[in-house]
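Data first, discussion second: the structure below is written as structure tokens.
The values are calculated or read from the model by the stated rules, or taken from the named source; none is laboratory data. All figures in this text were calculated on a predicted structure; none of them were measured in a lab. When we count neighbours, we look across all protein chains shown, and the Cβ atoms used for this are built from the backbone with ideal geometry, even at glycine.
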Amino acid sequence: MSDVFPVNDYGPLMPGLVMAGVAIFHVFLAQFAVGGGMLLCYFQWLAMTKREVHAQRFVEGYFKLLVLISFVVGALTGVGIWFTAIQISPATIGSMVDNFHWLWATEWTFFCLEIVAGYCFYRYHERLTDRAAMTLLAIYALASWVSLFVINGILSWQLTPGRWLETHNVFDGFFNPSFWPSLLFRTVVAMTLAALAACVVINLMNSIDRDAKRALINRAAHLLVPMVLMPVLGVWFLAVMPADSRSWVLGGSPAMMLFLNISIGSSLAIGGYALLGMVMQRLYINGATASLLLLLAFGATAGGEFVREGSRKPYSIRQVLYSNAIKPDEVARLREVGCTTNDPYPLRQADQFPNDQVRLGARVFRRQCSVCHTVQGTNAVAELTGAWDANQMRMNFAKLQHTKAFMPPFAGSAVELESLVQFIDWSSARRPDSWPASDDPATVAQIQNWLDEAGTAPGDFEQNRNRHSARNP
């Protein structure tokens, strides 16, 4: 059995939502930093070749924004990701570090190079020749993109490990089926964010007139042209996704389909305005419009990241680790010995629970449910099961991977499942001081029958259709 870690309690916020909030904000800033390096190289070239009069002034102002947002806020949120991740899913982070530690080290090396090059430019650019300044900006841009290159390979491995499942070769996992479409898509997104942020910065340059601002905005808009590739890259990414993951995104999960539509709609709005207005008609856009487009880009990023994370369900690492940090090959044994047998961590305020059965149910909830659910709060099990009676809850939990195929199978004994039902019922009843224990052997036997019928394999739509067809030839 893999190591058991307690999940930090965030009250009414489910831990996964806390992680998502930090991660989405960081991803947005990190991709802006990558695109910012490319944009600065382009404008430095415009300044060196005298193609744009105010390009050098823009470079100096834009880089100050890049340093403030990327180096300060981006670094803090990066630390925040690690801090929240090791509290919420230490087994997932441990597996990623264990398999890709040298690649993480490589990424951190390039991140250090990015920081050094960036600060050198920030501190000494006024004393540098144009060529030296361009060299520093190119080093910064390349180092930041290589960081994206490495991190993208590790993150995409979680969804599409590919041949790594058979070979366990680090490069088979790194250059996985979704590596290239996701890398290219993220690169285009980075360029888009940098260009939209540039439009905001240009509008804040009060020392130049409107025509000069228009000229700079039209130059920044050149980085928006690759957005025409987004539909192709998005379809490519969907095509290489596992079939069940693709089914969640395309209708199997209403939440994921909603966020996909938010991402697509926001991207289409940005792309249509940018390509038709800013690139083809060379329109001037004011600060309010630029800010609105940047806000839409944040919405598109949030929707895309939600879909990328959610499409892995029921896994955190596909076919390696379920979202509750239980390995697929552990389920059968945990059905026999129980999921709380080797859990050494006590409950908080255990004396507030009415009996040992409810206490056991609370530990089962912590082990199997608490990463993605709260008891009463966001994505609360008390609300999700509110229309079920106790027997429906027992059967649906026992056949969880068939009840909702993006959920992992229940990995515990029949006694533990009954204790979980009692814990949820007690919580839904506003936690009274006393609660009768459920100790009917017939109930436990029925739960065991349902567990046996469900099996220990993950569920999917095709499997459920086949099961239905077998019952109704």
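See the values below:
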item	result
Residue selected from segment 39-69 under the condition among the charged types (D, E, K, R) and part of a helix (DSSP H, G or I), by the criterion farthest from ALA117 (Cα to Cα)	ARG57
Complete set of residues in segment 84-98 that are among the polar types (S, T, N, Q), within 16 Å of LYS327 (Cα to Cα) and out of contact with any Ser or Thr (no Cβ under 9 Å at 6 or more places or on another chain)	none
Hey, PHE179 free of Cβ contacts under 8 Å to residues at least 40 places away in the same chain and closer than 26 Å to LEU229 by Cβ or not	yes
Residue that is farthest from GLN401 (Cα to Cα) [pool: residues in segment 212-250 that are surrounded by fewer than 18 Cβ atoms within 10 Å (Cβ to Cβ) and among the charged types (D, E, K, R)]	ARG214
Filter result for ARG51 (more than 23 Å from LEU184 (Cα to Cα), surrounded by 14 or more Cβ atoms within 10 Å (Cβ to Cβ) and among the basic types (Lys, Arg))	no
For ASN396: the one exception among (1) touching a residue at least 24 places away in the same chain (Cβ under 8 Å); (2) closer than 17 Å to ALA414 by Cβ	(1)
Residues of segment 83-120 that turn out to be farther than 28 Å from VAL67 by Cα and of a type in the set (Ser, Thr, Tyr), as a count	3
Matching option when the condition is in a helix (DSSP H, G or I), surrounded by 22 or more Cβ atoms within 10 Å (Cβ to Cβ) and among the β-branched types (Val, Ile, Thr), among VAL34, VAL18	VAL34
Residue ID - farthest from the chain's Cα centre (by Cα), chosen from residues in segment 93-144 that are surrounded by fewer than 14 Cβ atoms within 10 Å (Cβ to Cβ) and among the aromatic types (Phe, Trp, Tyr)	TYR124
Segment 186-203 residues that are surrounded by fewer than 24 Cβ atoms within 10 Å (Cβ to Cβ), paired with ones that are modelled with pLDDT under 95 and not in a helix (DSSP H, G or I) (beta carbon under 9 Å, 6 or more apart)	ASN203/ILE285; ASN203/ASN286
Helices (runs of 4 or more DSSP H) wholly inside segment 138-225 containing at least 1 residues that are among the hydrophobic types (A, V, I, L, M, F, W, C), farther than 27 Å from TRP248 by Cα and at pLDDT below 95	179-203, 210-220
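So that you can scan it fast, the table gives a plain yes or no per residue for (1) over 23 Å from VAL307 (Cα atoms); (2) not in a helix (DSSP H, G or I):
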site: SER245; (1), (2): no, no
site: GLY251; (1), (2): no, no
site: LEU258; (1), (2): no, no
site: SER263; (1), (2): no, no
site: SER267; (1), (2): no, no
site: GLY271; (1), (2): no, no
site: LEU275; (1), (2): yes, no
site: MET278; (1), (2): yes, no
site: ARG282; (1), (2): yes, yes
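Let's see how each residue does on (1) surrounded by fewer than 19 Cβ atoms within 10 Å (Cβ to Cβ); (2) touching a strand residue (DSSP E or B) at 6+ places or on another chain (Cβ under 6 Å):
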{"residue": "PHE365", "(1), (2)": "no, no"}
{"residue": "VAL371", "(1), (2)": "no, no"}
{"residue": "THR374", "(1), (2)": "no, yes"}
{"residue": "VAL381", "(1), (2)": "no, no"}
{"residue": "ALA387", "(1), (2)": "yes, no"}
{"residue": "PRO409", "(1), (2)": "no, no"}
{"residue": "GLY412", "(1), (2)": "no, no"}
